[in-house]
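Here, each number is a calculation from the coordinates, and none is a lab measurement. Quick caveat: nothing in here was measured; it's all calculated off a predicted structure. Every residue, glycine as well, gets a Cβ built from its backbone with ideal geometry; the counts of neighbours run over all protein chains shown.
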Amino acid sequence: MQLLVEGGDAVLEDDDGEVADHRVARGAFDAAVGDNPREDDGVDLERAQEHLERRTVERREAGLVELVVHRAQLGDQLAAAVAQTEARRPEKGARLDDVVETERRAGGRGVHRELGREDRHVGGPARGRDARDRRDDPAESGHREPVTRVDAVRVQEIALEVEQEEGGGAPADRHDGIVCPMPRYDTAVLNGTVIMPYVGPLRCDIGVRDGRVAALADRIAPGDASDVVDARGRLVLPGAVDSHFHIGIYRDLAADATSETASALAGGVTTVLSYFRTGQHYLNKSGPYRTIFPEVVAATAGHAYTDFGYHLGIMTSEQLDEVDWLVGEQGVGSFKYYMFYKGLNLTSDSTRGSAYTMSDTYDLGHLYLLMRRVASASAGNGARGRVSLSLHCEQAELIRVFIEEVRRSGPGGLEGYHRARPPLTERLSIAEAMVLADATRCPVNLLHLSSVEALAAAAQGRREFPHLDIRLETTLHHLALTHATAHGILGKVNPPIRTEADREALWDAVVRGSIDTVVSDHACCAEADKGEDLWKALPGFGGTALLYPYLVSEGHAKRGLGLARVVELASANPARAFGLYPKKGTLAVGSDADLVVLDPDREQVVTPDALHSAQDFTPFAGMRVRGWPTHTILRGRVVFHDGRVWGRPAGEYVKRPAPHS
Ligand SMILES: [Zn+2]
């Protein structure tokens, strides 16, 4: 007996050449492998049984028959898909990486490769009862389809797929690209221009499954996804990682997490890395992180719309001993030291820093010990990801002197604040930090560089200590505002907003590539908290909703910053610096499906309402910004669209370094 395939029909011929003409399917297969034939299969069970009884179908042959039938069923579908892919030729513009495409096709053609292993035409007279013999049969018939024999395990796998296809069972994703009984993707973002960090713009579609990027393809059919986002004429960016944030600094932590991560979504931010420390503000208490940190995470979880993590200020000697536990057990891969708290409080109306920090000894000695701890944790962490120390670099003793001068003889307003904490204090503070980083080999992040002098000091540090891992950060407000444009006391922030020359120097450093990350340093603060007295006003304000819009509008459209650089500064670089990459920060297959669809032509003047924050003012008010997100997608779910947040806060705490699985 032999097996033929003609026009998708499986045919069994008896040895004497008589065509038995069976459409053998599940029943025969099940019977052959010992299961009970199912009455509802709609196949010729009687005939299959008959074959079994006549011993004309052996187990192996039954499997073979099943495979052929299965293949015939799938043939059209698969061929159509392959033809569709091949027919679609490159369009203008950048192309999806060939490697990615090759892998995708390889997946889709898995069945061909599998079949091809032992491809033989089966057509001539059989020489034996075992199909194994037939592959050597020289009398192959050209018009007949190739048929493959596979082992029983493979056949059973295919049978399972067919069962799922017929019975509506779980998706047969073990053979992605072969059988697709349900939509292949949960969500697909179609027709957009994807901005891939370190690569550039690509014209491709993105398929999302189970919260992760599952495919990048020239084209994904809309029917292949349960939900489709049409990104025609728009940019598709990896969700921004706003790595400088202050959830709960001035307000209830849970309430602040909700309102301010909603603001983050509006700016295309899908992950927030927030600073927390013990001392005044925040939870307004001190103590060991073993008790306080779980409280912080619990207050944020269930309240944040974005995924989130924490950098922790190590404020006391006791907390120094907790660094290893925080890195190893709690997923805290970054810490902070405030260079100016050793002699100044936050608002700068008191030099009693220890009352503010609620710590015993918070000085350069403490910093040295902290750097040793962080360097050791970094070395011990090996390849799992970077462990680092972030530094707020302003020098307290100099600030004390300059504050006295400005208070005595002016000027007032934000220019006075800039002169009271002049760039010289950043420069000296960075130089101090560099010496200690070198002595301890501690990886460091120099936060919110605000001035020409700060940039020069950081550049000198990199030149002088090329073996050190030094990352440079600046903020939206230092790039966007000057002390003349930041709305007076409303623009009070540390370090201060400076001059137009500083702003231009910062932009120059961003465009040249010496700045690694751009952040919001978001700290939600009510207008009433600013009050009338510059020296008592709370520093800081929100800005996270402007992260992508401002970088696209000012950086890309006006200053020629490449779009790849935009997503590097706001997403990929912070993800790498803080142990999140490539789970976050890119759109590789397997990365979390955190995506932003951005309309580069949508223009909006900044108002407090446009930022979706609880903050009732903004120093950015009146700025005309072109390029706003239309959709923000967190792990595959559209969470911001049509100018509003959708669903409940579903942000998760992300342990860092985060494994990429
Ligand atoms: Zn900050």
Legend entry - Whole-Hz ³J(HN,Hα) from phi, Karplus 6.51 cos²θ - 1.76 cosθ + 1.60, for region 244-260, glycine and proline x: 9, 8, 9, 5, x, 5, 10, 9, 3, 4, 5, 5, 5, 4, 5, 5, 7
Inset, instruction - Hey, can you grab everything whose amide H is under 5 Å from the amide H of Phe541? Only 5+ residues off in sequence or another chain; H modelled, so Pro and N-termini drop out. - result: Ala523
Inset, instruction - Report the full-extension gain for the segment Asp230 to Thr499: residue separation times 0.36 nm, less the Cα-Cα distance, to one decimal in nm. - result: 92.6 nm
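Mind jotting down a quarter of the surface of the convex hull over the alpha carbons of region 544-594, in square nanometres, one decimal? The partial results should precede the final answer.
On the way: hull surface 14.7 nm².
Projected area, direction-averaged: 3.7 nm².
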Inset, instruction - Step through the residues of region 416-427 one at a time and calculate ³J(HN,Hα) from phi using the Karplus curve (6.51 cos²θ - 1.76 cosθ + 1.60, θ = phi - 60°), rounding each to whole Hz and writing x for Gly and Pro. - result: x, 5, 4, 6, 6, 10, x, x, 4, 5, 5, 4
Legend entry - Inter-label distance for Phe465 and Asp349, nm, one decimal - labels placed 7 Å from Cα along Cα-to-Cβ: 3.6 nm
Inset, instruction - Compute the distance in nm between two label points, each set 7 Å from the Cα along the Cα-to-Cβ direction, one at Thr291 and one at Val605. - result: 5.3 nm
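Counting only other residues whose beta carbon sits under 9 Å from that of His244, what net charge do I get with K and R as +1, D and E as -1? Could the numbers behind the result be given before it?
Details: positive: none; negative: Asp242, Glu473, Asp521.
Here the count lands on -3.
What FRET efficiency comes out for the pair Leu364/Arg624, r = Cβ-Cβ distance, R0 = 30 Å, nearest 0.05?
On the way: r = 45 Å, r/R0 = 1.49.
Here the calculated transfer efficiency is 0.10.
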Legend entry - DSSP-loop trypsin sites (Lys or Arg not before Pro) across region 284-382, with at most 14 other Cβ within 10 angstrom: Arg352
Inset, instruction - Please compute the net charge surrounding Pro549, taking Lys and Arg as +1 and Asp and Glu as -1 over other residues with Cβ under 15 Å from its Cβ. - result: 0
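If I take R0 = 30 Å and measure r between the Cβ atoms of Trp325 and Arg648 in this structure, what FRET efficiency does the formula 1/(1 + (r/R0)^6) give, to the nearest 0.05? Provide the component values of the computation, followed by the final result.
Details: r = 32 Å, r/R0 = 1.05.
The formula returns an efficiency of 0.40 here.
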Legend entry - Summed residue charge, Cβ within 12 Å of Ser520's Cβ, Lys/Arg positive, Asp/Glu negative: -4
Inset, instruction - May I ask you to list the GluC sites (Glu not before Pro) in region 514-579 that are in a DSSP loop and have at most 11 other Cβ atoms within 10 Å of their Cβ? - result: Glu532
Inset, instruction - With θ set to phi - 60°, apply the Karplus curve 6.51 cos²θ - 1.76 cosθ + 1.60 along region 506-518 and write out the HN-Hα couplings as whole Hz, x wherever there is a Gly or Pro. - result: 5, 4, 4, 5, 5, 5, 6, x, 7, 8, 8, 9, 10
Inset, instruction - Would you please give the residues with an amide H less than 5 Å from that of Ser334, counting only those at least 5 places away or on a separate chain, with H modeled from the backbone geometry? - result: Leu312, Ser388
Legend entry - Gain in span if fully extended, Arg219 to Ala557, counting 0.36 nm per residue against the direct Cα distance: 118.9 nm
